[in-house]
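First up is the structure itself, then whatever we jot down about it.
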Amino acid sequence: MPETPRARPDLAAIPAYQAGRSAPPGAVKLSSNENPFPPLPGVEAAIADAAASVNRYPDFGSTRLLSALGQRLGIDADHIAVGTGSVAVLAQVMNAMAGPGDEIVIPWRSFEAYPILAALAGASLVRVPLRDDGAHDLDAMFDAITDRTRLVIVCTPNNPTGPAVRRDQLDALLARVPQDVLVAVDEAYVEFVRDSAAPDALDLALSRSNVVVLRTFSKAYGLAGVRVGYAVGPKAIISELRKAQLPFGVTTMAEQAAIASLAGETELLRRVNVLVLERSRVQGSIRAMDFQIPDAQGNFVWLPLGNRTDEFAEAAAAAGVVVRPFSGEGVRVTIGEPAADDRWLAVLGDFLRL
Ligand SMILES: *Cc1c(COP(=O)(O)O)cnc(C)c1O
């Protein structure tokens with residue numbers, strides 16, 4: 001056998017990311033938790049404007065975006081790190097905090113990018129099963145912490161199951177976590193949360209030395225295609241995250257689109273409300289079928305269909321709706337426009353009667 005260049009052997013263990021399938025013509029894509037609304041007013045113009053200067057590198061420090069975010073959140077820009085989507089910011093967190101021999105504790109099932117990013121960092125992953133109601137088991141996550149733990153990830157609301165963590169339970173976890181372990185709270189869907197027991201993670205990230213919160217422009221803000229996300233946390237941690245960033249990732253187009261979206265926040269919040277109301281309607285229809293699902297606090301619902309998961313995904317596809325199956329466990333469906341939601345709800349109604 002001729003010699004060929006060899007990749008790191010541990011890459012073989014990295015699970016391939018299962019992106020939400022794209023929709024065939026005429027079908028609706030409810031498999032990637034995207035926003036069904038078009039970009040906010042002013043966003044396309046901002047991107048077109050920035051397009052005129054693509055012969056130049058972007059601003060290395062994303063200064064304008066940092067200052068717009070700082071103003072919006074009422075904090076100093078030194079508390080914020082940006083990246084190409086919060087997936088990239090998560091990679092910065094993992095690479096900065098954990099390497100070979102270190103452990104990262106995550107809830108599971110949760111966001112599929114976590115195992116991939118942890119493996120790329122070379123760290124060991126400790127997966128702590130969710131409770132039966134789809135919520136984090138924060139006690140069990142605390143129990144999973146060892147001397148080797150560098151990072152604990154909390155995903156609230158949890159993708160794909162839906163519940164948000166409770167403030168009292170997160171406070172209890174933080175009171176016990178060793179001070180040298182970082183807790184990263186992934187709030188990709190925070191704008192959709194209506195559970196009054198949910199925590200204010202931003203406040204925790206600004207008041208504690210070992211908490212960061214991750215947010216994104218991809219979901220509520222509808223900018224999944226431009227790739228911008230950010231972390232807020234203690235200045236000392238943020239400066240480490242900035243070191244772990246790939247140079248020039250956030251483009252001027254992305255920066256300007258994010259700034260324009262922040263300016264359009266009134267309209268954004270109106271749209272988020274429309275989706276939250278639609279989520280209630282969808283949840284109500286499902287409950288009326290006598291099918292129990294976890295509390296949905298993101299822009300998606302979780303259907304715990306177990307071994308009928310793939311069968312349901314195929315039936316939905318046949319009805320023109322692409323959903324996201326997790327074989328043997330359940331199906332995640334993004335909240336879309338009412339007509340699209342009605343299509344798969346009808347499939348579910350028929351399905352549950354069989
Ligand atoms: C979608 C999502 C993200 C972020 O996505 P980006 O597009 O990279 O910002 C992060 N965490 C969770 C749990 C998500 O579902």
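The figures follow:
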{"read-out": "Count - residues of region 262-296 that are over 17 Å from Val193 (Cα atoms), assigned to a helix (DSSP H, G or I) and among the hydrophobic types (A, V, I, L, M, F, W, C)", "value": "4"}
{"read-out": "Condition check for Pro115: touching a Pro at 6+ places or on another chain (Cβ under 6 Å) and modelled with pLDDT of 95 or more", "value": "yes"}
{"read-out": "Residue tally, condition under 30 Å from Ala315 (Cβ atoms), among the hydrophobic types (A, V, I, L, M, F, W, C) and in contact (Cβ under 8 Å) with a residue 60 or more places away in the chain, over region 17-71", "value": "5"}
{"read-out": "Region 297-320, residues that are within 16 Å of the ligand (Cβ to nearest atom) and not in a strand (DSSP E or B)", "value": "Gln297, Gly298, Asn299"}
{"read-out": "Flag for Val126 being assigned to a strand (DSSP E or B), free of Cβ contacts under 8 Å to residues at least 40 places away in the same chain and either closer than 29 Å to Ala254 by Cβ or of a type in the set (A, V, I, L, M) (or both)", "value": "yes"}
{"read-out": "Neighbours by Cβ (under 6 Å, 6+ apart or cross-chain): first from region 190-208, more than 17 Å from Thr161 (Cα to Cα) and among the β-branched types (Val, Ile, Thr); second assigned to a helix (DSSP H, G or I) and at pLDDT 95 or above", "value": "none"}
{"read-out": "Restricting region 133-147 to residues that are part of a helix (DSSP H, G or I) and surrounded by 16 or more Cβ atoms within 10 Å (Cβ to Cβ), the residue that is farthest from the ligand (Cβ to nearest atom)", "value": "Phe142"}
{"read-out": "Condition check for Leu130: over 14 Å from the mean Cα position of the chain (by Cα), of a type in the set (A, V, I, L, M, F, W, C) and within 16 Å of the ligand (Cβ to nearest atom)", "value": "yes"}
{"read-out": "In region 24-39, the residues that are surrounded by fewer than 17 Cβ atoms within 10 Å (Cβ to Cβ) and on the phi > 0 side of the Ramachandran plot", "value": "Gly26"}
{"read-out": "Residue selected from region 73-84 under the condition more than 19 Å from Glu265 (Cα to Cα) and not β-branched (Val, Ile, Thr), by the criterion nearest to the ligand (Cβ to nearest atom)", "value": "Gly83"}
{"read-out": "Filtered residue count, region 4-30, keeping only those that are over 30 Å from Ser124 (Cβ atoms) and of a type outside the set (Gly, Ala, Ser)", "value": "6"}
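The values are calculated or read from the model by the stated rules, or taken from the named source; none is laboratory data. These figures come from a predicted structure and were not determined experimentally. Backbone-built Cβ (ideal geometry, glycine too); neighbour counts: all protein chains shown.
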